[in-house]
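A short reminder: the numbers here are calculations on the coordinates, not readings from a lab. Since the model is a prediction, treat every value here as computed from it, not as a measurement. In this analysis, Cβ positions are derived from the backbone assuming ideal geometry, glycine residues included, and neighbour counts consider all displayed protein chains.
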Amino acid sequence: MRRAGLALLALAATLPAQKQPFTVDAMMQLARISDPQISPDGRTVSFTVQTIDLPNNKRPKQIYVVALDGGAPRRITYAGEDNERARWSPDSKQIAYISDRSGSAQVWLMDADGQNAKPVTNLSTEAGGVLFSPDGKNLLFTSEVFPECGADDACNQKKLMAEKDSKVKARVYTSLLYRHWTKWDNGRRSHLLVVPVTGGAPKDLTPGTHDVPPFSLGGPDDYDISPDGNEVCYTMNADLMPATSTNTDLFVVSIAGGPSRKITANPAADNGPLYSPDGKYIAWRAQTRAGYESDRWRLVVLERATGKLTNLTENLDRWVTGFTWHPDSSKLFFTSEDRGRQPIQFISVTGGEIRMAAIGNNTLDEMQFTRDGKTMVYSQQSGSQPAELYRASASGGVPVVLTRLNDAVLNARQLTPLEEFWADGAEGARVQAFVVKPFGFQASQKYPVLLLIHGGPQGNWGESWTYRWNAQVFAAAGYLVVMPNPRGSTGYGQKFIDDINGDWGGRAFDDIMAVADHVVALPYADGSRMAAAGGSYGGYMVDWMLGHTQRFKALVSHAGVYDLPSEAGETEELWFPLWEFSGTPWDNPEMYARWSPSHFAKDFHTPTLVIHGELDYRVPYGQGLQLFTALQLGKVPSKLLLFPDEGHWVLKPQNSVLWYNTFLDWINTWTKK
């Protein structure tokens, strides 16, 4: 018996440990990696890591570095809770970055190893978005200043103190846009400022009443510095009513200051300018339909000497989501969404054939090249893997992972790869959906189904990682998670996107129901225990479902549009309803009435959890209050979860945990009886 017991112990020691479900608590332990930057000498990659401090309800950010040829990543900032936006000096000896270690966000400089940190700015209006000029002489950054003060910090400080000391907190406005996302207009504007690397008084390069950069419709930066360090190109919306306009244009200005010059005439959006390394070109992303934020994004190039403009991707029926120049300036590498994935492609600066650089069942992004063009660094994520940094050789071969900060957490948990299927939707259109099977899946069992509906509506589900609607967490709770990409979804061609304009509850609803029909036919799906949930437009679709189907046992509506006429009168970016519903509610009342879920409140029967943030100015929380009122008056089982300190997204760590727990408790109550 003793010998048998020893044999069992030896066998147990060789078996892999049973993996645990991927819960929200496990998700909170992950390091969130972003913003890779290769040093000019090609030896080191800097990047930002955000972690979650759950007890203190904070999300600190710190800067790390890793050798390009491998090795363990190393943290190089410790003071302060928010250190980010690392940018290398041309000689690779210093890093400029944004830090709050002095008590407010300012531009700092440190040595490449993190030593000898020193502040460059000390502005009452703080600083962000720093760039090192290619000649190493200047630092370009953003600051929210009072237009009448500009870079005069004494003037800005005086106004801030007067605002703080005033007993009157009333707001007075005479124009739109008076609030945006989670913030009321406080009279300040984002401007581009420049300061010598050696320090001194900043200079305002974009004086006036417009935001530079404007609220971004896409890329990470809306400004760049020419390779010779003499010129700045930036994006600005100069329209008199920015609340109804997507017409951002590109301007250039001397880094020494002076008048700006507009270089685009496109009536739609232009953004994300980037100079070629040789200085001959400026590339950016552009749309062509004015007022339509979900028009196709093209990649265009301007030859600076001749003024010749080339649309490189007009024949590509996909959005260009990001891009960078090859170091020899002969081609551009870019990303584009395609059927739930995002590969890296490239094209010659003169146009022609688009070729593939990297592709897989994943989302690739944030490409960077060494100066010799031999090595590319990029981020990679999927529906079952958070972002990590990779290195790839131009000569080919298997990419090498540079960061493994999350291995300890991920190796102990079950993360299930996404599967996909296609269903026939409205008018015979092919509709793709992704599936995550539940923890401990066995094909012989039947599982409750959770249908997730994405926002936008011009968005998508696919091989990308998210912390806000994480399918792995829902699958860990025992659900077969289904993520459809109905009409309006990106990555399936522009017509597929446009088909939702003026048809919010039409084809998209039919597409989603077709996906649901496909799922309930699966032998392991329990169609009698099906829930649906969504946020923003996904919340709208949940509200629409309330009045148009009773096939779900429970619903969750997060920040959902409920009453279209009142939403159009409360939201801030008015170009959105004006395009989607062909005008205002008084211009086109029939369309607003046709697609407003509030008009079908008498048909509401499904138990519904309503979630909203009081700081949500995109879909104001009155939409959630109206929905909850209708449910309660109709005696429909319902619950309201309001976050007074959140906007459209729930971001604070403890709020996020409460969001997941309340969500799961609600659908468990109705699907697991």
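Compute the Cα gyration tensor for segment 318-404, then decide on rounded, prolate or oblate, letting a ≥ b ≥ c be the square roots of its eigenvalues: rounded whenever a/c is under 1.5, prolate when a/b is larger than b/c in the other cases, and oblate in all that remain. Oblate is the answer for segment 318-404, as a/c is 1.5 or above yet b/c matches or exceeds a/b.
For every other residue with a beta carbon closer than 14 angstrom to the beta carbon of R179, add +1 if it is Lys or Arg and -1 if Asp or Glu, then tell me the sum. Please report the intermediate quantities before stating the final value.
Details: positive: R171, K183, R188, R618; negative: D185, D211, E570, E572, E573, E614, D616.
Once all neighbours under 14 Å are counted, the net charge is -3.
Counting only cysteine Cβ atoms and a cutoff under 4.7 Å, the chain contains unmatched residues C233.
Relative to its Kirkwood radius, the Cα radius of gyration of segment 122-186 gives an Rg/Rh of 1.06. What is the antiparallel percent of DSSP beta bridges lying wholly in the chain, to the nearest 5? Percentage antiparallel, nearest 5: 80.
Give the lysines reachable from K203 as a straight Cα distance under 18 Å; neighbours fewer than 8 places away on the same chain don't count. The reachable lysines, counting only those whose Cα sits under 18 Å from K203, are K137.
Simple point charges give the picture: +1 on the Cβ of Lys and Arg, -1 on the Cβ of Asp and Glu, and for the chain a dipole about the Cα centre of about 1900 debye.
Taking the dipole about the Cα centre of the chain, with the C-beta of Lys and Arg at +1 and of Asp and Glu at -1, give me whichever of L574, T370, S638 is farthest to the positive side. So the residue we want is S638.
How would you rank 300-309, 331-340, highest first, on the average number of other Cβ atoms within 10 Å across their residues? Let's see the in-between values first.
Details: 300-309: 14.5, 331-340: 21.4.
Highest to lowest by the protection proxy: 331-340, 300-309.
Think of the chain as a dipole: +1 on every Lys or Arg Cβ, -1 on every Asp or Glu Cβ, centred on the Cα centre; then among G547, W319, Q414, Q414 lies furthest on the positive end. Among the listed pairs K158/K183; K639/K673; K19/K446; K61/K167, which have their C-alpha atoms separated by more than 25 angstrom in this model? Those over the limit are K61/K167.
Packing, taken as the mean count of other beta carbons within 10 Å per residue, orders the peptides 616-625, 437-446 from highest to lowest as 616-625, 437-446.
Suppose every Lys and Arg Cβ carries +1 and every Asp and Glu Cβ carries -1, with no other charges. What dipole size does segment 318-404 come out with about its Cα centre, to the nearest 20 debye?
Value, rounded to 20: 120 debye.
Neighbours of R32, meaning other residues whose beta-carbon lies under 9 angstrom from its beta-carbon, give a summed charge of +2 when Lys and Arg score +1 and Asp and Glu score -1.
Would you tally the net charge around L68, using a Cβ to Cβ cut-off of less than 9 Å, leaving L68 out, and scoring K and R as +1, D and E as -1? That works out to +1. Farthest towards the positive end of the charge dipole of segment 438-591, among the residues A516, Y479, I497, is the Cα of Y479, using unit charges on the Cβ of Lys, Arg, Asp and Glu. Shape summary of segment 414-671, radius of gyration then Dmax from alpha carbon positions: 17.2, 55 Å.
Each semi-axis of the equivalent ellipsoid for segment 281-427 is √(5λ) with λ an eigenvalue of the Cα gyration tensor; in descending order they amount to 30, 23, 12 Å. Suppose we keep just the DSSP beta bridges with both residues in segment 318-404; what percent of those would be antiparallel, to 5? Antiparallel: roughly 95 percent of the beta bridges in segment 318-404.
For segment 318-404, what is the relative contact order in percent, using Cα pairs closer than 8 Å and at least 6 residues apart in sequence?
Details: 186 pairs, mean separation 15.6, N = 87.
RCO, segment 318-404: 18 percent.
If R0 is taken as 25 Å, the Cβ-Cβ distance between H599 and D517 corresponds to a FRET efficiency of 0.45.
For all pairs of alpha-carbon atoms in the chain, what percent lies in each bin of width 20 Å, listed from the first bin to the last filled one? For the chain, the pair-distance distribution reads 17, 51, 29, 3, 0.
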